[in-house]
Amino acid sequence: MPDPLQPLSSTASYFELLGVSVAADDAALTRRFHILSRLYHPDRWATADAETQTTALDSSALVNDAYRTLKDPFTRAEYLLRRERSTRPDDTKDSAAKPPQELFAQVLELQEALMEYQEARLDEEKATMARLRPTLEEAKGEFEAAYAGLADKLRALFARWDAGDDRETLLDELAGISGTRGYLRRVLTNLNGTLG
Amino acid sequence: MPYSEKVIEHYENPRNVGSFDKSDPNVGTGIVGAPECGDVMKLQLKINDQGVIEDAKFKTFGCGSAIASSSLATEMVKGKTLEEALLIKNTEIVQELALPPVKIHCSVLAEDAIKAAIHDFQAKQAAKAVTSVATREPVAA
């Protein structure tokens, strides 16, 4: 048992707190989380002095936040963006406003088909609904596949981060994928809501 | 917060919904989006040789405020020169539609869409100028 218990740095990044790389996989992240959870678990310090108890409580909360944030690749990317760009919000505005134009075209095209389908359902035009449904089901499959691919793209960017690639370029790409996720999630919510 | 009457009015009777031919040299197309909510807005301007916006169309995939903001934007730009249209501020849309603070980003999207459409048109004109110079070159050479 380390004595006395060292409080975690309040300025360290979640990666530094957990002692993992930006591209750390699930196994490495969970392993570090378990080690640190055990170390800081308030039960373990229940008989220590008040200051140590507070340190244990604060630190285990921080470890939990870090783990929860980094476990999901999307929240990990958003965390990196927030941390690396928090002092320069103007930089992110531009890149976030420019997701791929072909995605926009797809979203708008799908929206039209979706509206047509919804109108047909209101008017109980079964034939129109039957005609449009396969197109929408197909689009749903495509958007789901694209969404699933985003996590892999993020993991590839995390690996490049660790490899020392240019951070500004990587942050732009992370912002792009983060934005794309917003559009895809919205489209999928609408598709699932309409197709049932 | 409920939508204002003006938002509902534009939402239920949107003006200028539709599309122009994107490849028309007199058409500028702006497609912008807000990743936080997934809204996508397409705004197209038909610009005559005097640089005046003759017509505008939009298609918006988003909430009522986003649709109302783009609908209003198409009305505002008609008859304006490009310079005048570039001066349109999102705050004018906010005021006209009485948008609540959480929906201000919808008006920003509409302002961005106008600017994007104008920039697209200007880029097309610049490319046309370059092409006409390039096609003249063999003659000059």
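The values are calculated or read from the model by the stated rules, or taken from the named source; none is laboratory data. Since the model is a prediction, treat every value here as computed from it, not as a measurement. With ideal geometry, Cβ positions are generated from the backbone for all residues, glycine too; neighbour counts draw on all protein chains shown. For the accessible areas, the whole protein counts, side chains as well, though only heavy atoms, and no ligand, DNA or RNA atoms are used. Shrake-Rupley method; radii C 1.70, N 1.55, O 1.52, S 1.80 Å.
Working note: Karplus 6.51/-1.76/1.60 with θ = phi - 60° gives the range A:117-132 the couplings 5, 5, 5, 4, 5, 4, 8, 6, 8, 4, 5, 5, 4, 5, 6, 7 Hz, where Gly and Pro are set to x.
Counting only protein heavy atoms and using a 1.4 Å probe, the accessible area of residue A:67 comes to about 40 Å². Rolling a 1.4 Å probe over the protein heavy atoms of the range A:14-71, with every protein chain left in place, gives an accessible area that is 51 percent carbon and sulfur.
Rolling a 1.4 Å probe across all protein chains gives residue B:92 an accessible area of roughly 80 Å². Positive contributions from Lys and Arg (+1) and negative ones from Asp and Glu (-1), summed over other residues with Cβ under 14 Å from the Cβ of residue B:85, come out at -4. Modelled spin-label separation between residue B:49 and residue A:65, with each label point placed 7 Å from Cα along the Cα-to-Cβ direction: 6.4 nm. Pairs of Cα atoms nearer than 8 Å and 6+ residues apart set the relative contact order; for chain B it is 28 percent. With both labels modelled 7 Å from their Cα along Cα-to-Cβ, the residue A:26 to residue A:142 distance reads 2.9 nm. For the residues of A:104-111, the average number of beta carbons from a partner chain within 10 Å of their own beta carbon is 4. A straight chain from residue A:37 to residue A:109 at 0.36 nm per residue would run longer than the Cα-Cα distance by 21.1 nm. In this calculation the C-beta distance from residue B:23 to residue A:57 is compared with R0 = 45 Å, giving a FRET efficiency of 0.10. Counted by Cβ distance under 15 Å from residue A:69, the other residues give a net charge of 0, where Lys and Arg count +1 and Asp and Glu count -1.
Across all Cα pairs in the protein assembly as shown, the calculated P(r) in 20 Å bins from zero up to the longest distance comes to 24, 45, 25, 5, 0 percent per bin. Shown in residue order for the range A:181-196 are the 3J(HN,Hα) couplings computed by the Karplus curve 6.51 cos²θ - 1.76 cosθ + 1.60 at θ = phi - 60°: 4, x, 5, 5, 5, 4, 4, 5, 4, 5, 4, 5, x, 7, 7, x Hz (x for Gly and Pro). Other residues with beta-carbon under 12 Å from the beta-carbon of residue A:14 carry, at +1 per Lys or Arg and -1 per Asp or Glu, a net charge of +3.
Computing FRET efficiency as 1/(1 + (r/R0)^6) for residue A:50 and residue A:74, where r is the C-beta to C-beta distance and R0 is 35 Å, gives about 0.35. Computed from backbone phi, the HN-Hα couplings of the range A:72-79 come to 8, x, 6, 6, 5, 5, 5, 5 Hz, rounded to whole numbers (Karplus: 6.51 cos²θ - 1.76 cosθ + 1.60, θ = phi - 60°; Gly and Pro given as x).
Largest mean-square fluctuation among A:83, A:131, A:68, in a Gaussian network model of chain A whose springs join Cα atoms under 10 Å apart, belongs to A:131.
Among the residues of B:34-46, the average count of other protein chain beta-carbon atoms within 10 Å of the residue beta-carbon is 5. Once the Cα atoms are used to define both axes, helix A:26-40 deviates from the longest principal axis of chain A by about 40 degrees.
The C-alpha atoms of chain B occupy a region whose extents along the principal axes are 68, 30, 23 Å, arranged from largest to smallest. When the inverse distances between all different Cα atoms of the range A:93-195 are averaged and flipped, the Kirkwood radius reads 15.3 angstrom. Calculated FRET efficiency, residue B:15 to residue A:13, Cβ-Cβ distance, R0 = 56 Å: about 0.70 to the nearest 0.05. Amide H contacts for residue A:41 (H built 1.01 Å from N in the peptide plane; partners 5 or more residues away or on another chain; cut-off under 5 Å): none found.
Once backbone amide H atoms are built at 1.01 Å from N, residue B:17 has B:58 as its partners under 5 Å, excluding neighbours fewer than 5 places away on the same chain.
When the listed pairs B:22/B:103; B:6/B:103; B:57/B:124; A:153/B:59; A:140/B:115; B:57/B:89 are checked against a 23 Å cut-off, the alpha-carbon distance exceeds it for B:22/B:103; A:153/B:59; A:140/B:115. Ordering of B:17-23, B:59-65 by packing is B:59-65, B:17-23, highest average first (other Cβ atoms within 10 Å, averaged per residue).
Here the extension length gained between residue B:126 and residue B:78 equals 15.0 nm, from 0.36 nm per residue of separation less the Cα-Cα distance. For the range A:14-71, the solvent-accessible area of protein heavy atoms averages 55 Å² per residue (probe radius 1.4 Å; ligands and nucleic acids excluded). Return one number: the angle in degrees, 0 to 90 and rounded to the nearest 10, between the long axis of the Cα atoms of helix A:50-71 and the longest principal axis of the Cα atoms of chain A. Tilt relative to chain A: about 30 degrees. Using the 1.4 Å probe convention, the accessible area of chain B works out to 49 Å² per residue with neighbouring protein chains retained.
The GNM of chain A, with springs linking C-alpha atoms under 10 angstrom apart, assigns the highest mean-square fluctuation among A:14, A:183, A:117 to A:117.
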